[in-house]
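Colleague: I'd like to ask some things about the structure below.
The values are calculated or read from the model by the stated rules, or taken from the named source; none is laboratory data. Note that the structure is a prediction, hence the values are computed from the model and not measured. So basically every Cβ, Gly included, is an ideal-geometry build from the backbone, and we count neighbours across all protein chains shown.
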Amino acid sequence: MLELVDITKIYNDTTILNNLSLTIEDQKTLAIVGPSGAGKTTLLRIIAGLTAADGGTFLWNGQATTPAKLRKEGVIGVVFQGFELFPNLTVLRNITLAPTLQGQAVAQAEAKAQALLAQLDLSDQAQAYPDALSGGQKQRVAIARALALNPQILLYDEPTSALDPNLRQSVANLINSVKAQGMTQVVVTHDMAFAQSVADTTFTVAKFGGDAQ
Ligand SMILES: Nc1ncnc2c1ncn2[C@@H]1O[C@H](COP(=O)(O)OP(=O)(O)O)[C@@H](O)[C@H]1O
Ligand SMILES: [Mg+2]
């Protein structure tokens with residue numbers, strides 16, 4: 001369980017997140033919803049340890065921690081809005097790059113990557129380059145890449161936004177199948193209907209927009 005307590009974020013004298021507290025429960029899917037510009041991506045980046053909060057505390061299983069520490073320990077994985085695959089690397093290499101940079105043997109990383117590709121119905125794309133893939137396939141590669149690092153929490157930023165609207169249901173099915181394997185997930189989305197199709201609980205980020213004190 002990851003708890004965020006009184007998180008504040010200020011950009012250029014504007015308060016984006018104001019004393020925000022929320023709990024990410026194990027093996028559940030939490031949807032973070034709210035209008036464009038409310039601070040959803042900012043919150044996701046803070047949870048991921050990619051952006052520092054200006055105030056607040058974090059508890060991981062009851063112990064004080066920092067997202068930067070959790071990031072270093074590989075607790076949290078991220079599927080970015082635009083997927084951010086490496087265009088010059090094959091699908092397989094996109095997935096094995098981080099584990100091998102962390103010291104995992106190439107054969108072991110490749111075996112794990114092939115297993116993930118099979119699970120995500122992408123085995124025939126292992127040697128393809130990202131540009132040759134459809135949006136839905138790119139997203140599945142991005143999920144496989146995140147899962148290859150064995151995170152305990154997987155974050156998604158707007159997982160439906162870069163895809164054709166008729167893929168919404170298949171993205172929901174994918175998130176629900178990852179959940180069935182025991183993953184804790186946080187899904188940032190402005191799409192309420194989509195949120196309802198995946199979430200155990202929903203947290204709304206309101207547009208605060210107050211001037212920082
Ligand atoms: N790196 C940044 N520097 C300055 N302002 C930022 C930065 N990132 C986001 N913002 C501002 O913070 C607000 C929230 O942005 P964001 O978290 O992207 O919202 P959402 O994902 O809910 O659309 C916006 O007003 C945005 O312009
Ligand atoms: Mg956003």
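Colleague: Just wondering, is there one or more residues in region 98-117 that are outside any helix (DSSP H, G or I) and within 25 Å of residue 176 (Cα to Cα)?
Modeller: Of the residues in region 98-117, the ones outside any helix (DSSP H, G or I) are 102-105.
Cutting the leftovers down to within 25 Å of residue 176 (Cα to Cα) gives us none.
No.
Colleague: Something else about it: Please pick out the residue among 189, 184, 201 that is at pLDDT 95 or above, among the hydroxyl-bearing types (Ser, Thr, Tyr) and surrounded by fewer than 21 Cβ atoms within 10 Å (Cβ to Cβ). Don't jump to the end; show me each part of the working.
Modeller: Working: 189 fails: surrounded by fewer than 21 Cβ atoms within 10 Å (Cβ to Cβ); 184 fails: surrounded by fewer than 21 Cβ atoms within 10 Å (Cβ to Cβ).
201 is the lone residue from the list that is at pLDDT 95 or above, among the hydroxyl-bearing types (Ser, Thr, Tyr) and surrounded by fewer than 21 Cβ atoms within 10 Å (Cβ to Cβ).
Colleague: Among the listed residues 126, 142, 162, which satisfies the condition of being closer than 18 Å to residue 80 by Cα, out of contact with any strand residue (DSSP E or B) (no Cβ under 8 Å at 6 or more places or on another chain) and of a type in the set (A, V, I, L, M)? Talk me through it step by step, then tell me what you get.
Modeller: Working: 126 fails: closer than 18 Å to residue 80 by Cα; 142 fails: out of contact with any strand residue (DSSP E or B) (no Cβ under 8 Å at 6 or more places or on another chain).
None of the other options fit; the residue is 162.
Colleague: Among strands (runs of 3 or more DSSP E) lying entirely in region 144-213, which contain 2 or more residues that are within 16 Å of residue 38 (Cα to Cα)?
Modeller: Numbers: elements: 153-157, 184-188, 201-204.
The qualifying strands (runs of 3 or more DSSP E) are 184-188, 201-204.
Colleague: Hey, residue 112 hits all of (1) of a type in the set (D, E, K, R); (2) surrounded by 14 or more Cβ atoms within 10 Å (Cβ to Cβ); (3) away from ligand 2 (no atom under 16 Å from the Cβ); (4) on the phi > 0 side of the Ramachandran plot but one; which does it fall short on?
Modeller: So the condition that residue 112 fails would be (4).
Here's the yes/no breakdown for (1) within 16 Å of ligand 2 (Cβ to nearest atom); (2) of a type in the set (Phe, Trp, Tyr); (3) surrounded by fewer than 14 Cβ atoms within 10 Å (Cβ to Cβ); (4) not in a loop (DSSP other than H, G, I, E, B):
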{"position": "7", "(1), (2), (3), (4)": "no, no, no, yes"}
{"position": "22", "(1), (2), (3), (4)": "no, no, no, yes"}
{"position": "26", "(1), (2), (3), (4)": "no, no, yes, no"}
{"position": "53", "(1), (2), (3), (4)": "no, no, no, no"}
{"position": "88", "(1), (2), (3), (4)": "no, no, yes, no"}
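Colleague: Continuing with this model, one more query. Going through region 28-41 one residue at a time, which ones are out of contact with any helix residue (DSSP H, G or I) (no Cβ under 6 Å at 6 or more places or on another chain) and within 14 Å of ligand 2 (Cβ to nearest atom)?
Modeller: Matches in region 28-41: 35, 36, 37, 38, 39, 40, 41.
Colleague: If you take the residues of region 1-21 that are within 13 Å of ligand 1 (Cβ to nearest atom) and on the phi > 0 side of the Ramachandran plot, which of them is farthest from the chain's Cα centre (by Cα)?
Modeller: If we take residues in region 1-21 being within 13 Å of ligand 1 (Cβ to nearest atom) and on the phi > 0 side of the Ramachandran plot, then 13 is farthest from the chain's Cα centre (by Cα).
Colleague: I would also like to ask the following. Could you identify the single residue in 46, 76 that is buried (at least 17 other Cβ atoms within 10 Å of the Cβ) and within 15 Å of ligand 1 (Cβ to nearest atom)? Don't jump to the end; show me each part of the working.
Modeller: Working: 76 fails: within 15 Å of ligand 1 (Cβ to nearest atom).
Unique residue meeting the criteria: 46.
Colleague: While we're looking at this one, here's another question. So is residue 31 more than 15 Å from ligand 1 (Cβ to nearest atom) and not in a loop (DSSP other than H, G, I, E, B) or not? So that I can check it myself, show each step before the final result.
Modeller: Values: more than 15 Å from ligand 1 (Cβ to nearest atom): no; not in a loop (DSSP other than H, G, I, E, B): yes.
For residue 31, the condition - more than 15 Å from ligand 1 (Cβ to nearest atom) and not in a loop (DSSP other than H, G, I, E, B) - is not met.
Colleague: Please enumerate the residues belonging to region 94-120 that are under 20 Å from the mean Cα position of the chain (by Cα) and under 19 Å from residue 170 (Cα atoms).
Modeller: Across region 94-120, the qualifying residues are 116, 117, 119, 120.
Colleague: Please state which one of 17, 44 is aliphatic (A, V, I, L, M), farther than 28 Å from residue 135 by Cβ and within 16 Å of ligand 2 (Cβ to nearest atom).
Modeller: Details: 44 fails: farther than 28 Å from residue 135 by Cβ.
Matching residue, one of 17, 44: 17.
Colleague: Would you confirm whether or not region 166-174 contains a residue that is surrounded by 19 or more Cβ atoms within 10 Å (Cβ to Cβ), closer than 26 Å to residue 73 by Cα and in contact (Cβ under 8 Å) with a residue 24 or more places away in the chain? Give the steps one after another, and end with the answer.
Modeller: Residues of region 166-174 that are surrounded by 19 or more Cβ atoms within 10 Å (Cβ to Cβ), as a first pass: 171-172, 174.
Keeping just the survivors that are closer than 26 Å to residue 73 by Cα gives 174.
After this cut, where a residue has to be in contact (Cβ under 8 Å) with a residue 24 or more places away in the chain as well, the list is 174.
Among the residues of region 166-174, at least one is surrounded by 19 or more Cβ atoms within 10 Å (Cβ to Cβ), closer than 26 Å to residue 73 by Cα and in contact (Cβ under 8 Å) with a residue 24 or more places away in the chain, which makes the answer yes.
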